[in-house]
1. Could you give the length gained on full extension between L91 and W114, defined as 0.36 nm per residue of separation minus the Cα-Cα distance, in nm?
2. Using a 7 Å offset from the Cα along the Cα-to-Cβ direction at both N63 and D123, what is the distance between the two label points in nm, to one decimal?
3. Report the calculated FRET efficiency for C53 and S150 (r = Cβ-Cβ distance, R0 = 45 Å), to the nearest 0.05.
4. With every protein chain kept in place and ligands, DNA and RNA left out, what is the accessible area per residue of segment 212-299? Probe 1.4 Å, answer in Å².
5. Can you work out ³J(HN,Hα) from phi for every residue in segment 102-112, in order, using Karplus 6.51 cos²θ - 1.76 cosθ + 1.60 and θ = phi - 60°, giving whole Hz and x for Gly and Pro?
6. Enumerate the calculated ³J(HN,Hα) couplings along segment 176-183 in order (Karplus 6.51 cos²θ - 1.76 cosθ + 1.60, θ = phi - 60°), each rounded to whole Hz, writing x wherever the residue is Gly or Pro.
7. Residue-wise, which Karplus ³J(HN,Hα) couplings in Hz belong to segment 130-138, taking 6.51 cos²θ - 1.76 cosθ + 1.60, θ = phi - 60°, and x for glycine or proline?
8. What's the extension gain from M278 to W79 if we count 0.36 nm per residue and subtract their Cα-Cα distance?
Amino acid sequence: MTLTLDTERSAPHAETSTTTSPGTARRIRPAVTRLLACCVFAALAVAVLYPLCWMALSGLKTNGEIFSDPWSLPGEPHWETYADAWDQGVLRYLLNSALVTSASVLAVVLISAWAAYGLTRLDIPCSQPALLLVLGAMMLSPTVALVPLSQLLQALGIYDTYWALIVLYTAFKVPFTTFLIRAYLLGLPTEVEEAAHIDGASRWQIFWRVVVPMARPILVSAAMLQALFAWNEYAFALVFITDDRLKTLPVGLADMAGRLNSDWPMLFAGLTIAALPMIVVFLLGQRHFVRGLAEGVGK
């Protein structure tokens, strides 16, 4: 009799121990979601970083090592390959790209910031048609304008000069950058600007001392997008620059690949040197870059 009562009392406890309570399920579900998200992000990181690491390591190998075992580490690192690639013209191409990219970034950010400020803060006539004109300019494809642009640059006397690339990179990116900065400025409060105006600040002072500091994330994002475009642009640099001393990195590396023929380690070394500046720029400005795009493009 006693044994029967003990069995009946212990049965509910046994059933409770074999089932998962709702509180436990609520705690497990977020943990599983975080684990899956971490796995996905880890896979994306490997997919992005592995080709870069493989390219950099291939620059330390010999031709035989690259073709016999392309996935292995270099048996004896040949650091002199990077120095040889540097001497083969990579330094000149790098300086040319840095000059053109810096000038176009400065011009695009300044012109676009002024245009966006005028479209959002000033009561100017025909502001809506001007905005539609900016949006329409974003639809123009650069490749369909190569022939008329070639004639225009020759008429201006800047064909086969740095100015040809600087002017074109600026002209084709100002519409998009203006649209991007305008979307960000629409979300900024105007009370600070009104207070500065009451204190006697001019429009020029309000722009430089109030608007520019408040819009720093989107300006950094715009600068990085423009730098990425100008650094990697190929079509304009190929068509409008024929002097070997003025060639930028994409065209210069393509020429170097033709000259070196089968010297793949030196070519990989040149590609690695070309990729490093943009990686450093992104690492330095990634915080402002992500914030600016999230608050600018999302509006």
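The values are calculated or read from the model by the stated rules, or taken from the named source; none is laboratory data. Everything quoted here is computed from the prediction, not taken from an experiment. In this analysis, Cβ positions are derived from the backbone assuming ideal geometry, glycine residues included, and neighbour counts consider all displayed protein chains. Only protein heavy atoms, including side chains, enter the accessible area calculation; ligands, DNA and RNA are left aside. Shrake-Rupley method; radii C 1.70, N 1.55, O 1.52, S 1.80 Å.
1. Details: separation 23, 0.36 × 23 = 8.28 nm, distance 3.46 nm.
My answer for the length gained is 4.8 nm.
2. The two pseudo-label positions are separated by 7.3 nm.
3. Details: r = 40 Å, r/R0 = 0.89.
Calculated value: 0.65.
4. Values: 4140 Å² over 88 residues.
Per-residue value: 47 Å².
5. 4, 5, 5, 4, 4, 5, 5, 5, 5, 5, 5
6. 5, 5, 4, 4, 5, 5, 4, 4
7. Once rounded to whole Hz, the list reads 5, 5, 5, 5, 5, 5, x, 5, 5.
8. Working: separation 199, 0.36 × 199 = 71.64 nm, distance 2.17 nm.
69.5 nm is the gain from fully extending M278 to W79.
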